[in-house]
Each structure stands twice: as C-alpha cells, then as structure tokens.
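K.L.:
I'd like to ask you about the structure that follows.
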Amino acid sequence: MLFFHGNYYSLWDGQSIWVDKMSFSPLHFDCHIPNAISAMFGKLVELSNAIGAKRIGWIFNEETKKNFYEIMENIGAINMTKQEDWHIYRSNKSEFSEYLTTTGDNYMKLDETHKQRAKDLLKKQKAREMKKIQKE
C-alpha cells in the first residue's frame, strides 16, 4: 500500500509527489519486497509523468532504511543525506502550540487581514485543483 501527496510543490522544481508511507503485508515482505517496491515505484513514475511532476520525494526511518536502502539506490533514488547533508526536522501541533503560548509577542502574529488572505489563497488553489480534475 502506498500513501502519497500528489499536490506537493517544490519551489525549485515545481509540481512534485511526496510519498508519505509504504506498507507491505508481512507475507510479502521478505520474499517479494524488491518486486513490490519496483512495481509501486513504476506506478508512481507513471502518475508523476501524467501530472507533470518534476520529482518524487520520501523519507525513511533507520529501521525501514535497512530494508529499502539498497533497493532505493538500485532504482536511481538519490540519498540526500549522503549527497547534500540534509537534515530533516519536524514540529508537531503540540510543539508549535507550546511555542505560541511561551514566546509571547516575540514572533509575528497574523492579523485578520492576513488570515483571510491565506484562506482565500487556499480556496483558489482548491478551485484550480478541482477544475484540473474535472478536465481529466
């Protein structure tokens, strides 16, 4: 099973796909995983080409990396940690909520005008996506 975001946008490359999760049944994991990954990746490449995506990205944790590392390099994936020394950070809702309550006014708060602009931009983006889907 593959979960991905087809509406991921890179400022450098444009439309992209971000793979959020790959899951395999335990029955197929040991004996069929290279074929399953190749098949999923092939379908993902087809989809990427169809929507005009410029790249596909994903992150694996240490445990998953042991199983996928060699396969990913065999299909031409670039290990960005090795190549460009990227380090990935994440903030969850609890962390950024705590930040907002503990920093006081030491950050830029959005006023109502900016909040409305952000909502309007999201509505326009969703409308464009719906038009694109309807055309297909």
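K.L.:
Once R0 is set to 25 Å, what does the formula 1/(1 + (r/R0)^6) return for the Cβ-Cβ distance between Ser94 and Arg117, expressed as a FRET efficiency to the nearest 0.05?
P.N.:
Details: r = 27 Å, r/R0 = 1.08.
The calculated FRET efficiency here is 0.40.
K.L.:
Provide Arg117, Arg55 in ascending order of the number of other Cβ atoms located within 10 Å of each residue's Cβ, fewest first. Provide the component values of the computation, followed by the final result.
P.N.:
Numbers: Arg117 11, Arg55 15.
Placing the least packed residue first, the sequence is Arg117, Arg55.
K.L.:
Output the pairs from Lys21/Lys54; Lys21/Lys135; Lys54/Lys126; Lys93/Lys135; Lys93/Lys115; Lys93/Lys132 with a Cα-Cα distance over 27 Å in this structure; if there are none, say none.
P.N.:
On the way: Lys21/Lys54 20 Å; Lys21/Lys135 29 Å; Lys54/Lys126 21 Å; Lys93/Lys135 36 Å; Lys93/Lys115 18 Å; Lys93/Lys132 31 Å.
Violating the 27 Å Cα-Cα cut-off are Lys21/Lys135; Lys93/Lys135; Lys93/Lys132.
K.L.:
For Gln15, what residues show an amide H to amide H distance below 5 Å, using hydrogens built from the backbone and excluding near sequence neighbours?
P.N.:
It is Ser10, Lys54, by chain and number.
Read the figures in this text as sums done on the coordinates, not as results from a lab. Computed from a predicted structure; not experimentally measured. All Cβ positions, glycine included, derive from the backbone under ideal geometry; neighbour counts span all protein chains shown.
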